[in-house]
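Asker: Just passing along the structure, written as structure tokens.
The values are calculated or read from the model by the stated rules, or taken from the named source; none is laboratory data. Please read all numbers here as calculations on a predicted model, not as lab measurements. Here the Cβ positions follow ideal geometry from the backbone for every residue, glycine too, while neighbour counts run over all protein chains shown.
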Amino acid sequence: MSPRARGVLAAISGLALLLVVLAGFAKLPDFGVYLGPYGTLVDELAPIQRKIPNAITAVNFDYRGLDTMGEEFILFAAVAGLTLVLRKDRRDTTDAPLPSAGLRGRADRSDAIRAFGLAGIAVTIAFGVYVAIHPHLTPGGGFQGGTITSGFAALIFLALGYRPLKRYAPHQRTEPIEAIGAAGYVLVGVATLAAAGAFLANCLPLGASGEFFSTGTIPVINLCVAVEVVAGFVVVFGEFADETRFEVDDEAEVEP
Amino acid sequence: MAVVQGVALVLVAVVATVAVLVRDPKRQIFLYMIYGLVMTIVLVVLQAPDVALSELAVGSVAIPFAVLATLVRMEHGKGK
């Protein structure tokens with residue numbers, strides 16, 4: 001296709017898109033105006049039905065718990081797919097860490113980076129776990145907290161290097177943990193199906209609103225999600241860290 | 001509150017535009033991290049703290065890590 005024809009095609013499609021977008025914007029509700037009844041109902045009912053202050057979590061892990069299970073397996077499939085693609089053209093796919101690419105020597109990582117990186121690991125894990133285990137009481141939950149917590153792997157890589165990352169979070173360990181988290185969600189569903197007759201029915205005692213041990217199955221499911229997300233992201237970081245090491249002659253190896 | 005929301009939204013538009021206009025991926029990824037941070041502020045201002053936490057973690061840790069590792073691989077790896 002000639003550049004001229006492309007330009008004409010782009011102009012026509014751009015104009016058509018603009019018209020659709022403008023028509024869509026014209027019918028939008030005003031900024032900040034909520035029309036649907038569902039959110040308002042959940043806001044009113046969740047604290048009564050489930051003794052939960054955070055209605056968003058009630059939707060995610062209870063009323064629409066099945067949707068969240070699907071989302072969890074989207075992440076699981078994405079991690080598996082990424083691992084498949086990245087490992088496909090690597091020589092060594094299993095046990096030993098890949099050889100160093102010799103990109104940076106020992107001296108290139110300053111004391112400041114190591115000190116702040118190590119301090120950051122502690123802060124990241126503390127904050128991430130806090131966010132991850134309080135989904136029913138405060139904003140956040142297994143996904144958000146899990147993603148934040150997994151930042152510790154990125155920090156280990158930045159502050160200490162590749163080999164410590166592979167030592168503390170080898171994929172032989174993180175992959176089974178991720179699978180356990182994913183499977184846990186389904187097992188909770190099956191258990192509630194057996195106990196209460198409905199998949200993911202909230203059949204545990206609800207407890208008192210605002211207590212840590214309350215809202216029935218919600219914290220249990222959330223814990224499965226947290227485990228799955230932390231391990232999943234650590235697997236991803238490990239795979240990308242492997243990519244930075246790819247394929248050098250053995251004599252060029254440099255310790256990080 | 002409307003003023004704060006307006007400022008935050010304008011900031012997102014500015015940072016997003018700059019991130020697109022800068023063509024060097026190494027600089028772009030840092031602008032993307034700033035974009036993630038500004039987007040987090042917008043979500044907090046709009047009272048969506050759950051989404052804000054997701055954006056914070058994914059936008060300022062996960063994606064930059066993946067992109068930076070990919071850039072290292074492209075510059076130094078086998079496929080150079």
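Asker: Tell me which helices (runs of 4 or more DSSP H) are completely within the range A:109-176 and hold 3 or more residues being under 15 Å from the mean Cα position of the chain (by Cα) and hydrophobic (A, V, I, L, M, F, W, C), or say none if there are none.
Answerer: Those helices (runs of 4 or more DSSP H) span A:111-133, A:142-159.
A quick yes/no check of all residues on (1) among the acidic types (Asp, Glu); (2) modelled with pLDDT of 90 or more:
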{"site": "A:Ser2", "(1), (2)": "no, no"}
{"site": "A:Ala5", "(1), (2)": "no, yes"}
{"site": "A:Asp30", "(1), (2)": "yes, no"}
{"site": "A:Val33", "(1), (2)": "no, no"}
{"site": "A:Ile52", "(1), (2)": "no, yes"}
{"site": "A:Phe61", "(1), (2)": "no, yes"}
{"site": "A:Arg64", "(1), (2)": "no, yes"}
{"site": "A:Asp67", "(1), (2)": "yes, yes"}
{"site": "A:Gly70", "(1), (2)": "no, yes"}
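Asker: To continue, here is another question. Going residue by residue through the range A:222-241, is there one that turns out to be over 30 Å from B:Ala52 (Cα atoms) and away from chain B (no Cβ under 14 Å)?
Answerer: The answer is no, given that none of the residues of the range A:222-241 is over 30 Å from B:Ala52 (Cα atoms) and away from chain B (no Cβ under 14 Å).
Asker: Search the range A:24-43 for residues being exposed (fewer than 10 other Cβ atoms within 10 Å of the Cβ) and assigned to a helix (DSSP H, G or I), and hand back the single one that is farthest from the chain's Cα centre (by Cα).
Answerer: Among residues in the range A:24-43 that are exposed (fewer than 10 other Cβ atoms within 10 Å of the Cβ) and assigned to a helix (DSSP H, G or I), the one farthest from the chain's Cα centre (by Cα) is A:Ala26.
Asker: Is it the case that A:Gly142 is more than 9 Å from every other protein chain (Cβ to nearest Cβ), over 15 Å from A:Val235 (Cβ atoms) and buried (at least 20 other Cβ atoms within 10 Å of the Cβ)?
Answerer: yes
Asker: Which pairs do you get when a residue that is outside any helix (DSSP H, G or I), found in the range A:46-65, comes within reach of a residue that is among the aromatic types (Phe, Trp, Tyr) and surrounded by fewer than 22 Cβ atoms within 10 Å (Cβ to Cβ), reach meaning Cβ atoms under 9 angstrom, with the pair 6+ apart or on two chains?
Answerer: That search, which allows pairs on different chains as well, returns A:Arg50/A:Tyr63.
Asker: Same structure, new question: Scan the range A:188-236 for residues that are among the β-branched types (Val, Ile, Thr) and closer than 12 Å to A:His136 by Cα and report the count.
Answerer: 5
Asker: I'm trying to understand the selection: among the residues of the range A:154-189, which are of a type in the set (Gly, Ala, Ser) and more than 9 Å from every other protein chain (Cβ to nearest Cβ)?
Answerer: A:Ala159, A:Gly161, A:Ala169, A:Ala179, A:Gly181, A:Ala182, A:Ala183, A:Gly184, A:Gly189
Asker: Continuing with the same structure: Does the range B:21-30 contain any residue that is surrounded by 19 or more Cβ atoms within 10 Å (Cβ to Cβ) and on the phi < 0 side of the Ramachandran plot?
Answerer: Yes, the conditions are met somewhere in the range B:21-30.
Asker: Still on this model: With the structure loaded, tell me whether A:Val21 is surrounded by 10 or more Cβ atoms within 10 Å (Cβ to Cβ) and either at pLDDT 90 or above or of a type outside the set (Lys, Arg) (or both) or whether it fails that test.
Answerer: It is true that A:Val21 is surrounded by 10 or more Cβ atoms within 10 Å (Cβ to Cβ) and either at pLDDT 90 or above or of a type outside the set (Lys, Arg) (or both).
Asker: Only one residue in A:Leu204, A:Leu155, A:Leu193 is touching a residue at least 24 places away in the same chain (Cβ under 8 Å) and of a type outside the set (Phe, Trp, Tyr). Which one?
Answerer: Just a single option satisfies the conditions, and that option is A:Leu155.
Asker: Still on this structure, please answer the following. With (1) crowded, with 17+ Cβ neighbours inside 10 Å; (2) at pLDDT 90 or above as the list, and A:Ser214 as the residue in question, which single condition is left unmet?
Answerer: Status for A:Ser214: all satisfied but (2).
Asker: Which residues, taken from the range A:116-139, are within 11 Å of another protein chain (Cβ to nearest Cβ), among the β-branched types (Val, Ile, Thr) and in contact with a helix residue (DSSP H, G or I) (Cβ under 7 Å, 6 or more places away or on another chain)?
Answerer: A:Thr124, A:Val131
Asker: A follow-up question, please. Taking only the range A:163-190 into account, find how many residues are hydroxyl-bearing (Ser, Thr, Tyr) and either surrounded by fewer than 17 Cβ atoms within 10 Å (Cβ to Cβ) or under 16 Å from A:Phe240 (Cα atoms) (or both).
Answerer: Going through the range A:163-190 one residue at a time, the tally reaches 2.
Asker: Looking at (1) surrounded by fewer than 22 Cβ atoms within 10 Å (Cβ to Cβ); (2) modelled with pLDDT of 90 or more, which is the only condition A:Leu206 fails?
Answerer: Condition not satisfied by A:Leu206: (2).
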